[in-house]
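> Below is one structure. I have some questions about it.
The values are calculated or read from the model by the stated rules, or taken from the named source; none is laboratory data. All values reported here derive from a predicted model rather than from experimental measurement. All Cβ positions, glycine included, derive from the backbone under ideal geometry; neighbour counts span all protein chains shown. Ligands, DNA and RNA are excluded from the accessible area calculation, which covers all protein heavy atoms including side chains. Shrake-Rupley method; radii C 1.70, N 1.55, O 1.52, S 1.80 Å.
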Amino acid sequence: DATSSDSCVCGVNAEMNTGIGRCECSAGYGGDATNSFVGCSPCGSSSFKDTVANMACTPCPQGGTIAGDVSNATSADECLCGVNAVLNAESGRCECDAGYKGDAASTAVGCSACGTREYK
């Protein structure tokens, strides 16, 4: 018989929060470690989670993705905008860089160079 939370083992991608005596999803993983039907899953290629908690991952800004093959990002700093795009800190969205047009928030559209008679 267990006499304290110290003797408990958490599931995959989870860790014991000794302060409250329950398992919680590790940073980079969303879900609910206390529910075996839900569990803790990697945040994926377009979201992150920077805390140990039973909660969903936070999406990257519109148009942002996590670089490389990382699926368990733990910081908003790992969210990157697409090619020729930058993050607008005020709007929280990826926007086309100066000299480029399109929709940086849409990976299907993206940002392409302005024509010879266009500017941005």
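> Do we have Ala27 as assigned to a loop (DSSP other than H, G, I, E, B), open to solvent by less than 60 Å² (accessible area, probe 1.4 Å), small (Gly, Ala, Ser) and out of contact with any strand residue (DSSP E or B) (no Cβ under 8 Å at 6 or more places or on another chain) here?
Yes.
> Here's a follow-up. Among the numbered criteria (1) more than 17 Å from the chain's Cα centre (by Cα); (2) closer than 30 Å to Asn17 by Cβ; (3) surrounded by 17 or more Cβ atoms within 10 Å (Cβ to Cβ); (4) not hydroxyl-bearing (Ser, Thr, Tyr), which single criterion is violated by Val38?
Result: Val38 passes all but (3).
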